[in-house]
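Data first, discussion second: the structure below is written as structure tokens.
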Amino acid sequence: MNSFLLPITLSESSLRINLLHKALKTLGFPVIELEAKSYTAGKSTLRQVRALQEKLNISFDDKYVVDQVTWEAIMNDMIPPLLVFLPPTRKMKL
């Protein structure tokens with residue numbers, strides 16, 4: 001997965017933080033509403049990411065909130081929950 005470009009740092013505000021917050025919520029690690037509404041990686045985001053990293057037994061670079069390894073783990077862990085929302089496929093008859 002090559003969608004990750006730079007590590008996420010504390011206090012970063014961006015659309016990718018919004019994506020991170022949505023991923024964390026989907027995985028059962030919601031952040032506080034203030035951070036979610038402002039798309040900011042704050043202390044709540046850091047706590048929830050560290051809890052997820054511990055749950056998934058991920059080695060991480062503690063200079064960042066999210067590094068490449070963590071981002072890939074989050075995206076890979078999200079695939080099963082997202083599949084629940086996809087409609088079943090139908091085979092076409094020829």
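FYI, it's all coordinate maths here, none of it is from the lab. Predicted model only: the values in this text are computed from it and were never measured. Positions of Cβ are backbone-derived with ideal geometry, glycine not excepted, and every protein chain shown enters the neighbour counts.
Looking at region 1-40, which of the residues that are touching a residue at least 24 places away in the same chain (Cβ under 8 Å) and among the aromatic types (Phe, Trp, Tyr) is farthest from Glu72 (Cα to Cα)? Walk me through it before giving the result.
As a first pass, look at region 1-40 and keep what is touching a residue at least 24 places away in the same chain (Cβ under 8 Å): 1, 3-4, 7-15, 17, 20-21, 23-24, 26-27, 38-40.
Checking the rest, the ones that are also among the aromatic types (Phe, Trp, Tyr) come to 4, 39.
Values: Phe4: 8, Tyr39: 20 Å.
Of everything passing the filter in region 1-40, Tyr39 is farthest from Glu72 (Cα to Cα).
Filtering region 35-63 down to residues that are acidic (Asp, Glu) and assigned to a helix (DSSP H, G or I), which residue is surrounded by the most Cβ atoms within 10 Å (Cβ to Cβ)?
Kept after step one, since they are acidic (Asp, Glu), are these residues of region 35-63: 35, 54, 61-62.
Restricting the remaining residues to those that are assigned to a helix (DSSP H, G or I) gives 35, 54.
Numbers: Glu35: 20, Glu54: 10.
Ranking the qualifying residues of region 35-63, first place goes to Glu35.
Can you pull out the residues in region 64-73 that are of a type in the set (A, V, I, L, M) and in a helix (DSSP H, G or I)?
Just the residues of region 64-73 that are of a type in the set (A, V, I, L, M), to begin with: 65-66, 69, 73.
Result: Val69, Ala73.
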